[in-house]
């Protein structure tokens, strides 16, 4: 009888350890993914001054928009590297606003043929598309990592083990901007 | 051209054939008399042997006409024809036609003594069986002689025909490929070590890759290789992959390595993961894609930068279109290589035989169509990536 009890205890301990290890691994993966997002956002921030410099030459009537983008960039840059869940959520919100601002800028640029055909602007726009693709990829990796961590922490006995693993408040998702959430239809691309 | 040269050595060849027929007659007569020294044995030997000897003489004379006299007559007629090389391809084909005729003459000259030699060997073998416990009969002799004639012809033709085939590919395919843009042809150099290291294909131990179309296509460096991978030998040989690998360098800023392989079942995927390596599993959001493919990457973000939801949808649509089997992909930095398995079918880029004129219209059209078809595969691969789709078509 004693033997059975010890076996059950051993299995429970091993099970809890495996769960603990999984949570730690996923917590570290979230940190890695967050760092990946920061790298991509840094690239976005580095690109913005160049885009603004080119745009200023043509968009004399859009100074407010350009100033807004510059301000949002400064705000976003200050929040890079934050690990506190609340600060992370604010960073994501600021970055979404910045992304929307840049989207508006390129939409406005469509109305200025000279700006649209400027070689530097064409290159800057291509680079921006690449950077945005990478930001979206980093966001998908991060959200997948957060989902895995949340599953491990929220399914019983995850709540108990999460405290041992040092996971307090769970990190927020990085929601994609509304315009990026539409369904993909392969037929449109073939 | 002198009359003896025009006959192409047909006289000695015919004499050889008749001598061979006489040897066969004598061998059958001897064998028959050995078995039955009576009148029956003599009659069977004389008439049966005579009949077989007539068959040998008839077949031999036909072969001499086909192999020696016919080509010599055609060559004599064609030598009078004036070839007007209209362009570079015409000049190449004219040179190849000369090489083809030389090859044909050399093969026929070799066949004239190799075929009889092999047939004599077969007759000798048949005679040897006559002194044993289980002597071969007359039909066996005919069978041996037929097989020996075929073997003798292949002996004469194999090396020379392969050399002509290589020459034809080296001269004609680059010119045909150039007609599609900045493309050329070369003997294939598939990155087999990369395939093995990243386990793009199930285990294989033999590779056959002859042809590669390469160059700039739609503004991107392109390489297409016809590839066949097999495992095992003899009756246990099975084809692991047969089709094309199409590699393009995309206008992207991707990093690291990403491998996309068709799902290999629960145990296959588990074995793949246990093998380790620099690439880790990449979990993607598309459940259909996740079910159909396994993705491994050395950089999780770069893998997702390529495998966007749109790319995955197009990848699945491409696989479902049914032109190829389930594709696999190897991405190293910006270089996207897709392995597109074909369902059976013939080998591509096969030049015409040395028995056909070098400028045979059907063969040239087929080679042209082969290049066009592999470029359609390249288009499909390029179009998978949204950024590449925005490039101007070359």
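Residues in region B:308-317 that are facing chain A (nearest Cβ under 8 Å) and in contact (Cβ under 8 Å) with a residue 40 or more places away in the chain were compared, and the one that is nearest to residue A:131 (Cα to Cα) is B:308. For residue A:38, work out the one condition from (1) surrounded by fewer than 19 Cβ atoms within 10 Å (Cβ to Cβ); (2) in a helix (DSSP H, G or I); (3) away from chain B (no Cβ under 14 Å) it doesn't fulfil. Failed condition: (3). When residue A:81 is tested against (1) within 17 Å of the chain's Cα centre (by Cα); (2) part of a helix (DSSP H, G or I), exactly one condition is not met: (2).
So in region B:113-122, with the set limited to residues that are without any contact (Cβ under 8 Å) to a residue 40 or more places away in the chain and crowded, with 20+ Cβ neighbours inside 10 Å, which one is farthest from residue B:61 (Cα to Cα)?
Filtering region B:113-122 down to residues without any contact (Cβ under 8 Å) to a residue 40 or more places away in the chain leaves B:117-118, B:121-122.
Among the residues that remain, those that are also crowded, with 20+ Cβ neighbours inside 10 Å are: B:118, B:122.
Details: B:118: 17, B:122: 19 Å.
Going through the qualifying residues, I end up with B:122.
Suppose we filter A:68, A:2 for residues that are touching a helix residue (DSSP H, G or I) at 6+ places or on another chain (Cβ under 6 Å) and more than 21 Å from residue A:133 (Cβ to Cβ); which single one remains?
Details: A:2 fails: touching a helix residue (DSSP H, G or I) at 6+ places or on another chain (Cβ under 6 Å).
The unique qualifying residue is A:68.
Taking the criterion of being more than 9 Å from chain B (Cβ to nearest Cβ) and assigned to a helix (DSSP H, G or I), the residues of region A:148-161 that qualify are A:149, A:150, A:151, A:152, A:153, A:154, A:158, A:159, A:160, A:161. For the residues B:175, B:237, the requirement of being surrounded by fewer than 21 Cβ atoms within 10 Å (Cβ to Cβ) and not assigned by TED's automatic domain parsing to the domain that holds residue B:350 singles out B:175. State whether the residues of region B:223-234 include one that is free of Cβ contacts under 8 Å to residues at least 60 places away in the same chain, farther than 30 Å from residue B:24 by Cα and in a loop (DSSP other than H, G, I, E, B). Within region B:223-234 (the criterion being free of Cβ contacts under 8 Å to residues at least 60 places away in the same chain, farther than 30 Å from residue B:24 by Cα and in a loop (DSSP other than H, G, I, E, B)), the answer is yes, since at least one residue qualifies. Taking the stated definitions as given, is residue B:256 more than 23 Å from the chain's Cα centre (by Cα) and surrounded by fewer than 21 Cβ atoms within 10 Å (Cβ to Cβ)? The answer is yes for residue B:256. Filtered by the rule that a residue be in contact (Cβ under 8 Å) with a residue 40 or more places away in the chain, within 25 Å of residue B:177 (Cβ to Cβ) and assigned to a loop (DSSP other than H, G, I, E, B), region B:192-216 gives a lone residue, B:210. Among the residues of region B:346-378, those identified as in contact (Cβ under 8 Å) with a residue 40 or more places away in the chain and part of a helix (DSSP H, G or I) are B:364, B:367, B:368, B:371, B:372, B:374, B:375, B:377, B:378.
Let's see how each residue does on (1) at the interface with chain B (Cβ under 9 Å from one of its Cβ atoms); (2) in contact with a strand residue (DSSP E or B) (Cβ under 6 Å, 6 or more places away or on another chain); (3) closer than 19 Å to residue A:53 by Cα:
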site	(1), (2), (3)
A:110	no, no, yes
A:119	no, no, yes
A:127	yes, no, yes
A:130	yes, no, no
A:137	yes, no, no
A:141	yes, no, no
A:146	no, no, no
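Within region A:64-78, being surrounded by fewer than 18 Cβ atoms within 10 Å (Cβ to Cβ) and within 20 Å of residue A:175 (Cβ to Cβ) holds for one residue alone: A:75. Restricting region B:123-150 to residues that are closer than 15 Å to residue B:55 by Cα and crowded, with 16+ Cβ neighbours inside 10 Å leaves a set whose member that is modelled with the lowest pLDDT is B:138.
Scan region B:277-298 and tell me whether some residue there is away from every other protein chain (no Cβ under 14 Å), surrounded by fewer than 18 Cβ atoms within 10 Å (Cβ to Cβ) and not in a helix (DSSP H, G or I). Yes; the residues of region B:277-298 include at least one that is away from every other protein chain (no Cβ under 14 Å), surrounded by fewer than 18 Cβ atoms within 10 Å (Cβ to Cβ) and not in a helix (DSSP H, G or I). Scanning region B:57-104 for residues that are surrounded by 18 or more Cβ atoms within 10 Å (Cβ to Cβ), modelled with pLDDT of 90 or more and within 27 Å of residue B:15 (Cβ to Cβ) returns B:101, B:103, B:104.
The values are calculated or read from the model by the stated rules, or taken from the named source; none is laboratory data. The model shown is predicted, which means the values in this text are computed figures rather than measured ones. A quick note on method: Cβ atoms are made from the backbone with ideal geometry, for glycine too, and the neighbour counts reach across all protein chains shown.
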